[in-house]
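Beneath this line is the structure, given in structure tokens, with notes to follow.
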């Protein structure tokens, strides 16, 4: 039996020791707000299927100051996610080649922003004049 | 034969969720969570008749399913893996079932409701 007490390096708060790790943990934490927002939409869908009265209750709940505060933080979280997601995409996808030359990472990142902004505008245009 | 890892399945759902979150959610959170509740946009945008009609056509069903289910899988994967970063090493199987189970349940409920609506 091993009775020696071997030294185990403490790991608590390891991510607070370096700004890179802090940004990493913030990125991971954005998923909490993503998950809660998806559940908010799910409750909306449940209330929608229960009929007009219950759906209108859900709409009223969405105007609650806590709900507004949550969505403000959630908006910041999803924007942070978006920036980090676009930044790592060139490292995740296999290298793209056009006419034999490799497409620079910056182009892939920029292309994603162009597509994303286009999609945001389309989505906004769909509700703008309602 | 070596048992195959189920990681690619979860990673694919995580990846698809990440794409939906990046390309759709910033505007969707703004519209549903801020602009309509605060009155920047007309309440008609999220009125019952309109959303019900949207959830009744197949493209609407697909959209709603995508913005609920995929972000759930995305969040489940990240939260599950973050437990390791936070030094929580106990109950790995339990947390795996909890995280992915909730995402699966959310997907199933959405799917059933959208088919019924």
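The values are calculated or read from the model by the stated rules, or taken from the named source; none is laboratory data. Since the structure is predicted, the reported quantities are computational estimates derived from the model, not experimental observations. Using ideal geometry, Cβ is built from the backbone for each residue, glycine included, and neighbour counts are taken over all protein chains shown.
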Inset, instruction - For region A:63-81, enumerate the residues that are outside any helix (DSSP H, G or I) and at the interface with chain B (Cβ under 8 Å from one of its Cβ atoms). - result: A:63
Inset, instruction - Go over the candidates A:46, A:60 one by one and state the one that is modelled with pLDDT of 95 or more, touching a helix residue (DSSP H, G or I) at 6+ places or on another chain (Cβ under 9 Å) and part of a helix (DSSP H, G or I). - result: A:46
Inset, instruction - Would you check if there is a residue in region A:3-15 being at pLDDT below 95, under 22 Å from residue A:85 (Cα atoms), in a helix (DSSP H, G or I) and touching a helix residue (DSSP H, G or I) at 6+ places or on another chain (Cβ under 9 Å)? - result: yes
Inset, instruction - Would you mind finding the one in B:55, B:76 that is surrounded by fewer than 22 Cβ atoms within 10 Å (Cβ to Cβ) and either in contact with a helix residue (DSSP H, G or I) (Cβ under 8 Å, 6 or more places away or on another chain) or on the phi > 0 side of the Ramachandran plot (or both)? - result: B:55
Inset, instruction - Return the only residue of A:103, A:130 being modelled with pLDDT under 95, in contact with a strand residue (DSSP E or B) (Cβ under 8 Å, 6 or more places away or on another chain), surrounded by 13 or more Cβ atoms within 10 Å (Cβ to Cβ) and more than 28 Å from residue A:28 (Cα to Cα). - result: A:103
Inset, instruction - Within region B:84-117, track down each residue that is over 12 Å from the mean Cα position of the chain (by Cα), without any contact (Cβ under 8 Å) to a residue 12 or more places away in the chain and facing another protein chain (nearest Cβ under 10 Å). - result: B:85, B:86, B:87, B:112, B:113, B:116
Legend entry - Complete set of residues in region B:17-34 that are under 21 Å from residue A:52 (Cα atoms) and more than 7 Å from chain A (Cβ to nearest Cβ): B:32
Inset, instruction - Could you tell me whether any residue of region A:106-115 is surrounded by 10 or more Cβ atoms within 10 Å (Cβ to Cβ) and in contact (Cβ under 8 Å) with a residue 40 or more places away in the chain? - result: no
Legend entry - Residue match in region B:28-39 (condition: farther than 20 Å from residue B:105 by Cα, crowded, with 18+ Cβ neighbours inside 10 Å and within 14 Å of the chain's Cα centre (by Cα)): yes
Inset, instruction - Could you run through region A:1-52 and say how many residues are exposed (fewer than 10 other Cβ atoms within 10 Å of the Cβ) and either under 13 Å from the mean Cα position of the chain (by Cα) or facing chain B (nearest Cβ under 9 Å) (or both)? - result: 1
